[in-house]
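Scroll down for the structure; my scribbles are underneath it.
The values are calculated or read from the model by the stated rules, or taken from the named source; none is laboratory data. These numbers come from a predicted model, not from an experiment. Cβ placement follows ideal geometry from the backbone for every residue including glycine, while neighbour counts extend to all protein chains displayed.
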C-alpha cells in the first residue's frame, strides 16, 4: 500500500499513514529513540476526517495509554507500508525493517519510539537509501475488547523516503564507530554536567547548554566569570568522558607490573635450579662441597659460563687405580678397606691441599664400593 491509503483492505482496520521525521540508527546495533510525531501542531490532508488532525500532548497521551492497555506489544515497522500479511506480495517484501519496542513522550512534547532496527535497515539508513519513518495509526480506533471507540491508536509504521512533514530537521544516521563512541561519551558527560537525564535528546541538551551559557551580546566584553564557568563545565565533561579509559589504563598497568613480577620470580627459580644442577655436577667430578659452593656463588654473579671454566680447569680427584689399588683389591675385608680409604684420603690431602675431613668425603664419593665394604654395607 502507498502513503495516503486510508482503507487498505477489508480485513485491516482503517489507518492513516504519513511520514514524520528522518530515521536514525545507533552504530552499535542498540535500539534508538526516534520521534514518531511532531508536537503541538495541526496538519491538513484530504484523506483525514475533516481534512485535518491536531497532534498535541492529549493526543499522544491517549495513544500511549491505548498501547499500554493491550500489553505494550512490539509494533512492526516494514518497508513502504507493504508489510501486511494479507498483501498480495512476495514474502521477502513483507519482512520487517525493525520494531518499536517502547514509547514515550519526549522532553519537547513529541511522541517518541524506541526503534530496534534490523541489520539491513540500519545499513540502508546509514547509506541514506531510506531516511524517514511513517507512522501507521488511527485517530479513533475500535477497542477490540469492548467494541467501543478508544481514540488515537498506533499500529506501527514504515521506513521510506516520502516525507509528509518537512519541518523537522534531518538527523545524521551514522558516524564512524570511533567518532560515535567518543561523541556518545562526551554527550552523556555534558548531560551529566548539566544535570540532564541520560536519555535526553540532542535538541533538549543543546537548549539547556545555550541557556546555561547564553551568547555574549555584540560589543560586550567577555566576562571572566562566564569563561571560568564554561571552562569548568567542559573540563568536568571531558574528565567524566575519559574516566573509564583512564581507569582501564591504570588497571592494565597494574596487571603488567604483576606479570613482570611473576616472570622475574620464574626466572629466579629457573636460575636456582640450574645452579643446583651445576653444584651436583661439580661434586660428581670430585670437587669438595666448600669449593662447589664458591663456584656456585661466582656463577650466580657472573653466569654459568664461569662455572664450567673453573670446573674444567681443576684437576680430577684420584681414582683407586691412581693410588695403587686394583679392582680386585676392592673386595678386601673391612679393615683393609679402611686402610685403603685412609691412604686415598691422605693422597687427596697432599694433592688437593684440603683438610682431612674433606678428603675423606671425596674418597668415599669416588670409591663407593670400597666405602661400602669399609662400613659393612652391601
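From 52, 112, 92, which residue is loosely packed, with under 14 Cβ neighbours inside 10 Å, under 41 Å from the mean Cα position of the chain (by Cα) and at pLDDT below 95? Answer to the check: 92.
Given the residues 58, 47, which is the only one that is more than 24 Å from residue 99 (Cα to Cα) and touching a strand residue (DSSP E or B) at 6+ places or on another chain (Cβ under 8 Å)?
Working: 58 fails: touching a strand residue (DSSP E or B) at 6+ places or on another chain (Cβ under 8 Å).
Just one listed residue meets the conditions, 47.
Quick check on residue 20: is it surrounded by 13 or more Cβ atoms within 10 Å (Cβ to Cβ), at pLDDT below 75 and touching a helix residue (DSSP H, G or I) at 6+ places or on another chain (Cβ under 9 Å)?
no
Taking the range 115-142 as the search range and keeping residues that are closer than 25 Å to residue 47 by Cα and assigned to a loop (DSSP other than H, G, I, E, B), which one is modelled with the lowest pLDDT? Let's see the steps before the verdict.
Residues of the range 115-142 that are closer than 25 Å to residue 47 by Cα, as a first pass: 130-142.
Cutting the leftovers down to assigned to a loop (DSSP other than H, G, I, E, B) gives us 130-131.
Numbers: 130: 88, 131: 85.
Of everything passing the filter in the range 115-142, 131 is modelled with the lowest pLDDT.
Of all residues in the range 76-107, those satisfying the criterion of being in a loop (DSSP other than H, G, I, E, B) and closer than 18 Å to residue 124 by Cβ are 80, 81, 82, 83, 95, 96, 97. Across the range 315-342, the qualifying residues are those that are surrounded by 15 or more Cβ atoms within 10 Å (Cβ to Cβ) and at pLDDT 55 or above, and the one among them that is nearest to residue 273 (Cα to Cα) is 341.
Filtered by the rule that a residue be modelled with pLDDT of 85 or more, closer than 18 Å to residue 142 by Cβ and surrounded by 14 or more Cβ atoms within 10 Å (Cβ to Cβ), the range 66-85 gives 66, 67, 75.
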